[in-house]
Amino acid sequence: TRRNPLSFTSASLLHAHVKSLPAIPPWSEQDLMFLAPYMTKNKLVLYFCDGLEVVKHMVSNPILARVIEWDAYQLFDCSWHGHEDHVYTEFMSGDFAWKFQVHVTNFLSILSLLNVHRLKTQINSVVGGRSILGIILASDKTPLTVGMGNWEMHPLLISIANIKASVRMKASSHAFALVGYLPIPKFPDDYSADLKAALIGRLFHFCIKKITRKLQAATVNPVEMSDRDGHIRSVVTPLVSHIADWPEQRMISCVAASASPISLAKATKFGDSTQHPRRTQTSTLQLIESLCAIHHPWAQLDSFIHAPKKIDLLGVHQPYWHDWGIAAEANPALVGPFTLDPDWGAADSSLFLIPDALHAWHKFFFNHVIKWIMNIIGAKELDYRLSIQQHRIGTRSWPNSISKLKQLTGQEHQELEKIIIAAAGDALPDTAMEPICSLLDFIFQAQNLVFYDETVTALRHDLAVFHHFKDNIGSAGGCRGNRGPIGHWNIPKIELMHGVADSVVLLGAPCQWTSDVMERCHITHVKVPYRSSNRRDFE
């Protein structure tokens, strides 16, 4: 218009304006192949950006400038008769950020007494005017085609934990950036399942290591970044979360299907009421080193992938997180328990594999709790009770059968959780109602955005009540499968619930690590670009 004319008058001037915009991190590609004699049917190409450059670009983004927290802090609520109640919300309000930034000096004094000069020099460079920039990774395979082709892609996303959760959890905020497309190998048919799993795991870890190499180095050697105002900040970049579903969590932690990725529990112990010792970076690496001392990871690959089964490992010899963190540089014989403490920044799977709200709670509810109720009162009875519920504006109603549904959205899971007790309550025995109600209380409490000490205690209490009365569900006929009654509680997602309360204390509200945003990014970053292309040579 005449009042608001365009800032350019020609195509060349428009191109000049575009070129003046801040440059984005460049993309690279690298052809990959396994060592002989192992081969794949398809060509393996890794498309990626440098993780550190992407993080620098996000820090300098003016849209995110006002929502990035740079200082660790602790919140207390003194409104209850002067009693100090610790409050946990954002990542920077958790004990991880506080202890990393404040109490590392105590660790230094111990190291000085032990004369660990090299590590002392490294950690001295971390404290004193440096800021923590928590790194979040998110990865999951996503289908490109519907009903035909069976094409998949494996995107890797990255974000910053310092961004306020209310902003980061919105897909429209663009707080997650695409940093790589991981190759998906297809092997010859005569390869065994164990061999395929080991090779896929090794390729996965190699690619993420390639992308995050500079970020890992920045954990002990701070890097300088420019924020939106032009201020130069010296930051360290510990890994605080890797969002993934259960199969990918096991691949990330390098454990077999018979073990937990966050604890030392085996599959037969997943239903235990007590929390098992957590799986640490040091303990896992020691097991891998002991295997490498006996079997060469490539020259003796067949024996190497079978030997880890005895100690519940996958067959990956170089996890991408093996040297990510301060504690990875310490000598266990010298520093003792401090090397096993996640509070000092080691990339422990028990720390960064946080239970995901979408998979660990909502899908667990639909796959297990709903089936328990249907087995007790009958599928037709539950369908009828849900169909006659009063319809409410803005709330999902269920006029048709839910017993035959195979998949729901995350929002539909939450809507069903709100009404299931009201719909099925009087038909359930009181003995079975107690553990189901306590489990739902746990799921609702875990989705809080603000936690107090008493909320954390309530989480642990609800989980303890469920475990105390869970056998009543089996006695009422809830635990049944296609082959009859199920006499165990070896459900992986029940074992993951033990780590939720600890995660709140260390990293803040766990719902900020949900994969809902990642699922949305799969549409905007992967599916839409693919469907807008000619769909050729996209691999």
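At-a-glance table
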| quantity | calculated |
| --- | --- |
| Matching residues, the stretch 32-50, being surrounded by fewer than 13 Cβ atoms within 10 Å (Cβ to Cβ) and not aliphatic (A, V, I, L, M) | PRO37, LYS41, ASN42, LYS43 |
| Counted residues, the stretch 206-237 - those being within 18 Å of PHE352 (Cα to Cα), touching a strand residue (DSSP E or B) at 6+ places or on another chain (Cβ under 7 Å) and modelled with pLDDT of 90 or more | 4 |
| Top-ranked residue in the stretch 160-200 [being charged (D, E, K, R) and open to solvent by 60 Å² or more (accessible area, probe 1.4 Å); ranked as nearest to LEU32 (Cα to Cα)] | LYS186 |
| Considering residues of the stretch 464-508 that are in a loop (DSSP other than H, G, I, E, B) and of a type in the set (Val, Ile, Thr) only, the residue nearest to the chain's Cα centre (by Cα) | ILE491 |
| Selected residue [open to solvent by 50 Å² or more (accessible area, probe 1.4 Å), in contact with a Pro (Cβ under 6 Å, 6 or more places away or on another chain) and either modelled with pLDDT of 90 or more or farther than 19 Å from LEU156 by Cβ (or both)] from GLU53, GLU29 | GLU53 |
| Unmet requirement for LEU157, which otherwise passes all of (1) aliphatic (A, V, I, L, M); (2) at pLDDT below 90; (3) open to solvent by less than 20 Å² (accessible area, probe 1.4 Å) | (2) |
| Test set (1) at pLDDT below 80; (2) on the phi < 0 side of the Ramachandran plot; (3) surrounded by fewer than 21 Cβ atoms within 10 Å (Cβ to Cβ) - HIS81 fails condition number | (2) |
| Subset of the stretch 8-26 that is free of Cβ contacts under 8 Å to residues at least 12 places away in the same chain and open to solvent by 90 Å² or more (accessible area, probe 1.4 Å) - its residue that is nearest to ALA177 (Cα to Cα) | LEU21 |
| Some residue of the stretch 171-185 being touching a helix residue (DSSP H, G or I) at 6+ places or on another chain (Cβ under 8 Å), under 30 Å from ASN448 (Cα atoms) and polar (S, T, N, Q) | yes |
| Residue check for ILE436: farther than 26 Å from ARG279 by Cβ and touching a Lys or Arg at 6+ places or on another chain (Cβ under 8 Å) | no |
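The values are calculated or read from the model by the stated rules, or taken from the named source; none is laboratory data. Remember, it's a predicted structure, so these values are computed and weren't measured experimentally. Positions of Cβ are backbone-derived with ideal geometry, glycine not excepted, and every protein chain shown enters the neighbour counts. SASA here: full protein model, heavy atoms, side chains in, ligands and nucleic acids out. Shrake-Rupley method; radii C 1.70, N 1.55, O 1.52, S 1.80 Å.
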